[in-house]
Amino acid sequence: MKTIFAPWRMAYIQGKKPQGCVLCRDSLRMDELIVGEGKTAFVLVNRYPYTGGHLMVVPFRHLNRIEDILPEERLELFTLVDLSVRVLKEAMNPEGFNVGLNLGKAGGAGIDDHLHIHVVPRWGGDTNFMSVIGGVRIIPEDVDRTCALLKPLFEKLQREICG
């Protein structure tokens, strides 16, 4: 039997569950995780990352269908994806990336009511024996530290690229 201790989860388990969207600006969004913002979209560090540096690019508007994205949102979303890849390359030197959307629960979306694009840096061996044999993923860096590392790079590169 596997045992993993996560005592910080008890407050969530026993507490009243908040209503709202974890990605909406005026709802439950964790602003401290935001590392970059544009006019129609923003970038934040994933609170529950697949790997260190796992980012999400999110439209400000609450929408869940790709066909509802406006042209200006589409342009900015992919500009921010490009910026995210550049920042992660500079900060973390990944060997590759997974970039994509999970649309709908059946499509693997953990948050299916607010569309977002995942930008996941990857390294050879990041799915090591702990993931394969133990069924446990090890994330070696705290998300708050990741935010502190990435935010200044986003600000610098965004000025250079976007003006």
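The values are calculated or read from the model by the stated rules, or taken from the named source; none is laboratory data. As the structure is a prediction and not an experimental result, all values here were calculated from the model. Counting neighbours? That spans all protein chains shown, and the Cβs are built from the backbone with ideal geometry, glycine included. Quick note on the areas: whole protein, heavy atoms, side chains included, nothing else; ligands and nucleic acids left out. Shrake-Rupley method; radii C 1.70, N 1.55, O 1.52, S 1.80 Å.
What residue, among those in region 14-25 that are open to solvent by 100 Å² or more (accessible area, probe 1.4 Å) and either under 18 Å from the mean Cα position of the chain (by Cα) or at pLDDT below 75 (or both), is nearest to Asp113 (Cα to Cα)?
My answer is Arg25.
Just to be sure I understand, how many residues within region 29-70 are loosely packed, with under 14 Cβ neighbours inside 10 Å, closer than 24 Å to Pro152 by Cα and hydrophobic (A, V, I, L, M, F, W, C)?
1
When you check Leu153 against the structure, is it within 13 Å of the chain's Cα centre (by Cα) and either outside any helix (DSSP H, G or I) or modelled with pLDDT of 90 or more (or both), yes or no?
Here the answer is no, as Leu153 does not meet what is asked.
If you go through region 57-65 one residue at a time, do you hit one that is touching a Phe, Trp or Tyr at 6+ places or on another chain (Cβ under 9 Å), at negative phi and among the charged types (D, E, K, R)?
Scanning region 57-65, I find no residue that is touching a Phe, Trp or Tyr at 6+ places or on another chain (Cβ under 9 Å), at negative phi and among the charged types (D, E, K, R), so the answer is no.
Tell me whether region 99-107 contains one or more residues that are in contact with a helix residue (DSSP H, G or I) (Cβ under 9 Å, 6 or more places away or on another chain), free of Cβ contacts under 8 Å to residues at least 40 places away in the same chain, open to solvent by 20 Å² or more (accessible area, probe 1.4 Å) and within 20 Å of Glu160 (Cβ to Cβ).
So far as region 99-107 goes, no, none of its residues is in contact with a helix residue (DSSP H, G or I) (Cβ under 9 Å, 6 or more places away or on another chain), free of Cβ contacts under 8 Å to residues at least 40 places away in the same chain, open to solvent by 20 Å² or more (accessible area, probe 1.4 Å) and within 20 Å of Glu160 (Cβ to Cβ).
Of everything in region 81-98 that's polar (S, T, N, Q) and not in a helix (DSSP H, G or I), which residue is most open to solvent (accessible area, probe 1.4 Å)?
In this case the residue turns out to be Asn93.
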